[in-house]
Amino acid sequence: MTTPPLTRREEMAVVAARLLRPKERVLVGVGMPNLAANLAKRLHAPDLVLIYESGILDANPETLPLSIGDPVLVRDALATISMLDLFSNYLQTGWVDVGFLGGAQVDRRGNLNSTVIGPYDHPAVRLAGSGGAADIAACAQRLILMLPQDRRHFPARVDFVTSPGHPATGRRPDGRGPAWVVTDMGLYDFDSTGEMRLRALYRDETVEAVQAATGWPLAIHPHPTRVPPVTPEEYRALRALQQARGGPRR
């Protein structure tokens, strides 16, 4: 029986999961970061500490949580605390290793917009807003971002800075800030000046296509590589995680 191939968004989850290291404390955002973090915990990092904005510490969900308020997060978690405690005593003190976020727009410095599309006073679209994303971006030891890539999501300048990236003067002096961006076209890191650069391409993408989907002259790593293909183990783990919650989400 032929197994259905992964969609590019599902591949994104696999690529992002690979960036998480064993025993790291990860504050997990909604959407694709949630899928990627839970996948990593089922693959190479079973001791990954999943933290959710609702006040869940060291979550061990049996199935993929639908949201940060899903009751499945409470069962078998180390602790549930108030959001005030989570942000003031854990995140803002530097205890969180990785902030894992999505958004609507990102720019060359890793500034993330999840507030409005268009002018703030008269937006074309008003989005959900920051929630805890601004604090996560500012206080986590490093930041991983996930979003699809086209000129709408990768503009020369974001319409609103919801979550700060690296300043125009260079990388953040405290060593924190955006470290990786995972898209449906490639994998990006940030150079010594704090500028996003293409690090690896998906198997059927070209530098020219990626540049056409980017709203600024894209920096390229001196030796860009190809994203390794999804392994059978990764495929099975992803499908099992999705089926436990009613099937793949496209």
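The values are calculated or read from the model by the stated rules, or taken from the named source; none is laboratory data. Keep in mind it's a predicted model, so treat the numbers as computed, not measured. Virtual Cβ from ideal backbone geometry, glycine too; neighbours counted across all protein chains shown. Protein only, heavy atoms only, side chains kept; ligands, DNA and RNA dropped before computing areas. Shrake-Rupley method; radii C 1.70, N 1.55, O 1.52, S 1.80 Å.
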For this session: Tell me what the chain gives for mean residue ellipticity at 222 nm when only DSSP H runs of n ≥ 4 count, each as -39,500 (n - 2.57), the sum divided by the residue total, rounded to 500 deg cm²/dmol.
Result: -5500 deg cm²/dmol
Exercise. Based on Cβ point charges of +1 for Lys and Arg and -1 for Asp and Glu, what charge dipole magnitude is obtained for the chain about its Cα centre, in debye rounded to the nearest 20?
Worked result: 340 debye
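Give, in nm to one decimal, the length gained when the segment between Asp174 and Ala219 is fully stretched (0.36 nm per residue of separation minus the Cα-Cα distance).
The span from Asp174 to Ala219 would gain 13.9 nm if fully extended.
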For this session: Can you list which of the GluC sites (Glu not before Pro) found in region 4-99 are DSSP loop residues with at most 10 other C-beta atoms within 10 Å?
Result: Glu62
Exercise. What base-10 log of the normalised intensity I(q)/I(0) is obtained for region 92-164 from the Debye formula, alpha carbons as equal point scatterers, at q = 0.15, 0.23, 0.25, 0.28 Å⁻¹?
Worked result: -0.47, -0.98, -1.12, -1.31
Exercise. Between Arg226 and Arg157, how many nm apart are label points set 7 Å from Cα along the C-beta direction?
Worked result: 4.0 nm
Exercise. Which value, in Å², gives the accessible area per residue of region 1-122 when a 1.4 Å probe is used on the protein heavy atoms?
Worked result: 42 Å²
Seminar exercise, completed: Per residue, accessible area of region 158-250 with a 1.4 Å probe, heavy atoms of protein chains only, in Å², comes to 49 Å²
Exercise. Where in region 10-46 does the label zone of Thr63 land, with the point 7 angstrom along Cα→C-beta and an amide N cut-off under 18 Å?
Worked result: 31, 34-36, 38-39, 42
For this session: Just check region 46-180 against the gyration tensor rule for me: Cα atoms, a ≥ b ≥ c as the square roots of the eigenvalues, rounded for a/c under 1.5, and otherwise prolate or oblate depending on whether a/b exceeds b/c.
Result: prolate
Exercise. Regarding the chain, what is the average projected area of its C-alpha convex hull, in nm²?
Worked result: 14.0 nm²
Seminar exercise, completed: In terms of the alpha carbon gyration tensor, root eigenvalues a ≥ b ≥ c, rounded if a/c is under 1.5 and otherwise prolate when a/b exceeds b/c or oblate, region 124-198 is oblate
For this session: Subtracting the Cα-Cα distance from 0.36 nm times the residue separation, let me have the gained length for Ile81 to Arg8 in nm, one decimal.
Result: 22.7 nm
For this session: Using a 1.4 angstrom probe on heavy atoms only, work out the carbon and sulfur share of the accessible area of region 141-211 in %.
Result: 51 percent
Seminar exercise, completed: In region 1-82 the accessible area split gives carbon plus sulfur, as whole percent at 1.4 Å, a share of 59 percent
